[in-house]
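Take a look at the structure set out below.
The values are calculated or read from the model by the stated rules, or taken from the named source; none is laboratory data. None of the values given here were measured: they were computed from a predicted structure. Cβ: placed from backbone, ideal geometry, glycine included. Neighbour counts: every protein chain shown.
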Amino acid sequence: MSNLFSLDSPVMNFLNNLADMILLNIIYLICCIPVVTIGAATTALYTVTLKMTRKEYPAVVKSYFTAFRKNIKTSTLCWIPMVIAGILLFLDYRLLGLLPGTLQFVIRIALIILSLFYVMILLYLFPYIARFDNNVRNTFKNTIIISIVNLPMSLLMLALNIVIIIVSLLTIQTMIIAITAGILIGFSVLAYIQSILFTKIFKKYE
């Protein structure tokens, strides 16, 4: 029994990792509150989870805020145009009803394709900034290239996020569970799972 709760036992390792994930999730949510800092907050989140997947065992708080300060300019300059692009896509969908039948169908298909690329870029953008140093222009360019070259992985992560959203919206109960999980640990766990895939992808470009 004493070995079960020794510092290097599987139980204690699990509890330590769980505590790190909860702490990381809370810090991330707090840093997202100003909204404009969501890009920097997400980059810092992936900086920590990418280190975890590489077994570097970072000090969560120190590593997070070091990455936040280091990448806040690039992350924010990438986040703002993504927000603007998202708003424009949303407005385009809202305006579809004003178009005649055939043209509406064609534009809808085009918007769906654009939206898929938008989401894939958004998935890769901040993990890329967390792993590589680059200017804003090259960050966007390389993110687009990597997401397309690694399309199967991109679609897998896209599907993972879509499934989580669908399951979360099934019932009131699943929505409550999803919100509770999101507040406690959801974002850090999802970032960690995706970081396992990102580590494999980015290794080819390091």
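A few comments on the model shown:
- Search result, residues across segment 173-201 that are in contact with a Ser or Thr (Cβ under 6 Å, 6 or more places away or on another chain) and of a type outside the set (A, V, I, L, M): Thr174, Tyr192, Ser195, Thr199
- Scope segment 55-102; condition in contact (Cβ under 8 Å) with a residue 24 or more places away in the chain and among the β-branched types (Val, Ile, Thr); matching residues: Val60, Val61, Ile72, Thr74, Thr76, Ile80
- Residue within segment 135-149 that is part of a loop (DSSP other than H, G, I, E, B) and either surrounded by fewer than 15 Cβ atoms within 10 Å (Cβ to Cβ) or modelled with pLDDT of 95 or more (or both) present: yes
- Residue count for segment 152-196 under the criterion of being farther than 23 Å from Leu29 by Cα and surrounded by 12 or more Cβ atoms within 10 Å (Cβ to Cβ): the result is 4.
- Of the residues contained in segment 59-71, one or more are found to be of a type in the set (Gly, Ala, Ser), surrounded by fewer than 17 Cβ atoms within 10 Å (Cβ to Cβ), out of contact with any Pro (no Cβ under 9 Å at 6 or more places or on another chain) and not in a helix (DSSP H, G or I).
- Neighbours by Cβ (under 8 Å, 6+ apart or cross-chain): first from segment 132-158, under 19 Å from Ile196 (Cβ atoms); second loosely packed, with under 15 Cβ neighbours inside 10 Å and basic (Lys, Arg): Met153/Lys200
- Residue in segment 77-100 that is among the hydroxyl-bearing types (Ser, Thr, Tyr), assigned to a helix (DSSP H, G or I), surrounded by 12 or more Cβ atoms within 10 Å (Cβ to Cβ) and at pLDDT 95 or above present: no
- Test: residue in segment 100-116 that is of a type outside the set (A, V, I, L, M), closer than 17 Å to Ile144 by Cβ and touching a helix residue (DSSP H, G or I) at 6+ places or on another chain (Cβ under 7 Å): yes
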